[in-house]
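Structure record follows, encoded as structure tokens.
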Amino acid sequence: MNLKDKKVTLHDMSLRDGMHAKQHQISLDEMVAIATGLDEAGIPLIEVTHGDGLGGTSLNYGFPAHSDEEYLSAVIPKLKQAKVSALLIPGIGTVDHLKMAYDHGVTTIRVATHCTEADVSEQHIKAAKAMGLDTVGFLMMAHMISAEELVVQAKLMESYGANCIYCTDSAGYMLPEHVTERIALLRSELKPETEIGFHGHHNLGMSISNSLAAMEAGATRIDGSVAGLGAGAGNTPLEVFTAVLDRMDVDHGIDLYKIMDVAEDIVTPMMDQPIRIDRDALTLGYAGVYSSFLLFAQRAEKKYGVPARDILLELGRQKTVGGQEDMIDDTAMTMAKALKANKA
Amino acid sequence: MKKIKCALIGSGNIGTDLLYKLQRSEILEPVWMVGIDPDSEGLARAREMGIKTTADGIDGLIPHIEADEVKIAFDATSAYVHADNSAKVNAKGVLMIDLTPAAIGPYCVPPVNLDQLDSDIPNVNMVTCGGQATIPMVAAVSRVQPVEYGEIVATVSSKSVGPGTRQNIDEFTRTTSGAVEQIGGAKRGKAIIIINPAEPPLLMRDTIHCLTESEPDQAAITESVHQMISEVQKYVPGYKLKNGPVFDGRKVSIFLEVEGLGDYLPKYAGNLDIMTASAARTAEMFGQQMLDGQS
């Protein structure tokens, strides 16, 4: 694979996707320490919000330690070169949240929908575009549909005004060939000026290979997370990815030692659990289940005595999508009842 | 027996499903259906059923209101045109039942506040599908003890969500969370909607979380929830408690499934069925009052 001198924009997820792994409890000091560390390492874009995006604060997904407003106001003024993005999932957050993020200095809005439901993003993408923001359409769980179907949805988002479209492997299910096929078709079918991005999860250990495949097929924005801090087995670990890109002579603009130090000295010590491919995270990738279901399923295992792995497989069978965290307890209770009935 | 005559504005899925429900009513009689497309399936079906139709929108109906004794109109169009439709029928003394999220008139969730609405109001709003499915449960908790925060998650099949809702999904979120507070009785409300494209389409699923101000009275809340489920089942037989109420500290969680009657809309579209059933039930109460007033 030859990626020599290709330019890539690395986008850090540790302060948004990483919120899932921390049950949305990252402190303001931790946020600022990580963000300023990444800023110094040269990361150009950092996402900051509740794990489920703007307005994600809820009983269903978890109340965060601080509001989106507090996080954004703490982080943004401290940054020298890096810009801050915010995620917005229509159905959870609204245009009101988007305006708040804009007022706090967010410059990139990523409007996320399930990969088949792009038409719910129209009002948010249009609003973000009208504010002059870098506007990204973020198609989640993109493994669930074909490359051709993904292009149809991507074109909707592009028609509303998105200047960048993401193929998002929310379940960490894709293999490099799946990524190549999707990104290549997006690249050939979308307008030449529309950027393409890829967001990976490490549940099958493929996040680095998948991100490279995405770049080779035409993606110029790659999401990752310092030390991998993210849902499931985490996102593409950015310090590892940077080292790989360095070896391949890619034009990445990151100071490798500095990002290694942020991973080692700041992020790893604050993890509640090691971010690794344990059997439950592996099940996410194997069965194609939304990565943020991991900790919910593990808690349901403790509460209802049904193995997390079995709950996750069942949620995969039911074709649940991102945001359906309520189905985890519900499904665990139903499975526990069935187990009890079988024993009786 | 004399029935109260009704007009349906909107000849799409909701209007057509409502037409089937009104045809079974002992109190209401659908006489007009209003559309904007002369070739629409909904208007053709209404004509076959012997209903008068117009494809000229609301203005095609207005000249006939008095002669055909229309007393109640249902609006199943969109929030954008609802105010105009409502003003025009109200000027003729017709009660408007609003199935759009426009929310000009007071919210109505039948088992919670139908009996508290004034008989002379000109417009009643049916909130949203998610609101109709979940607010009875918020109210079932808040009638036992104060609810500091109520949150609902409505998951609906992709096929049951029309373009109007998709283009303005924020309206769903705002209207529903407002009604969780106002009708459900939660001091603060939040609403989340998830659209799932699975095939075969999933039945509507709803999760209701409440944070009570003090330790929840588990026995009283459980009984209240079961009573409320029975109330809703009177007009939506497929309204089922799947799990819960589950108690975790001050958090009360209730998990529901809503299967539609399958009148015109498929059974999985419990979200649409509960809207048309609630609208029909609301109109029947007002219709009964009108009949009582006449006798």
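Annotations
- Shape class of the protein assembly as shown from the alpha-carbon gyration tensor: prolate, with a/c at 1.5 or above and a/b greater than b/c.
- Top of A:Ala213, A:Ala21, A:Ala130 by mean-square fluctuation, Gaussian network on chain A, Cα under 10 Å: A:Ala130
- Averaged over the residues of peptide A:116-124, the number of Cβ atoms from other protein chains lying within 10 Å of each residue's Cβ is 5.
- The distance linking the range A:312-339 with the range A:133-210 is 27 Å (Cα centroid to Cα centroid, whole angstrom).
- Cα centroid separation, the range B:268-282 to the range B:94-148 (Å): 13
- Ordering B:Cys108, A:Cys167 from the fewest to the most neighbouring beta carbons within 10 Å gives B:Cys108, A:Cys167.
- Interatomic Cα distance distribution for the range A:172-226, bins of 10 angstrom, percent: 28, 55, 16, 1
- Shape box of the range A:102-260 [Cα atoms, principal axes, largest first, Å]: 41, 37, 30
- For chain B, built as a Gaussian network whose Cα springs stay under 10 Å, the top-fluctuating residue of B:Val70, B:Val94, B:Val81: B:Val81
- Here the simple spin-label model places points 7 Å from the Cα toward Cβ, and for A:Asn2 and A:Thr268 these points are separated by 3.6 nm.
- Per the Debye formula on identical point scatterers at the alpha carbon atoms of the range B:80-129, with no solvent, log10 I(q)/I(0) at q = 0.21, 0.26, 0.29 Å⁻¹ is -0.70, -0.99, -1.14.
- Cα gyration tensor category, rounded, prolate or oblate, for chain A with a/c compared to 1.5: rounded
- C-alpha center-to-center spacing [the range A:16-46, the range B:154-190] in angstrom: 32
- Rg and Dmax over the alpha-carbon atoms of chain B stand at 18.7, 60 Å.
- Order of B:His209, A:His24, A:His114 under a 10 Å beta carbon neighbour criterion, fewest first: A:His24, B:His209, A:His114
- Working note: 222 nm ellipticity from helices only, DSSP H runs with n ≥ 4, each -39,500 (n - 2.57), summed and divided by the residues of chain A, gives -13000 deg cm²/dmol to the nearest 500.
- Only Lys, Arg (+1) and Asp, Glu (-1) charged, at Cβ; the range B:214-295 dipole about Cα centre in debye: 180
- Spatial extent of the range B:192-295: Rg and Dmax, with the Cα atoms as the point set, Å: 16.9, 54
- When only the Cβ of Lys, Arg, Asp and Glu is charged (+1, +1, -1, -1), the dipole of the range A:45-179 relative to its Cα centre reaches about 460 debye.
- Residue by residue, the range A:195-209 carries 3J(HN,Hα) couplings of 7, 10, x, 9, 10, x, 10, 9, 5, 10, x, 9, 4, 5, 4 Hz when phi is fed to the Karplus relation 6.51 cos²θ - 1.76 cosθ + 1.60 (θ = phi - 60°); x denotes Gly or Pro.
- The range B:1-72: GluC sites (Glu not before Pro) in DSSP coil with no more than 10 other Cβ atoms inside 10 Å: B:Glu26
- Rounded to the nearest 20, the size of the Cβ-charge dipole of the range A:230-344 about its Cα centre is 980 debye, with Lys and Arg at +1 and Asp and Glu at -1.
- Global form of the range A:216-285, assessed from the alpha-carbon gyration tensor, a/c cut-off 1.5: oblate
- Taking the DSSP beta bridges with both ends in chain B, the antiparallel portion is around 40 percent.
- GNM result for chain A, Cα springs below 10 Å: residue of A:Gly18, A:Gly205, A:Gly105 fluctuating most strongly: A:Gly105
Read the figures in this text as sums done on the coordinates, not as results from a lab. No experiment lies behind these values; they were computed from the predicted model shown. All Cβ positions, even for glycine, are placed from backbone atoms using ideal geometry, and neighbour counts span all protein chains on display.
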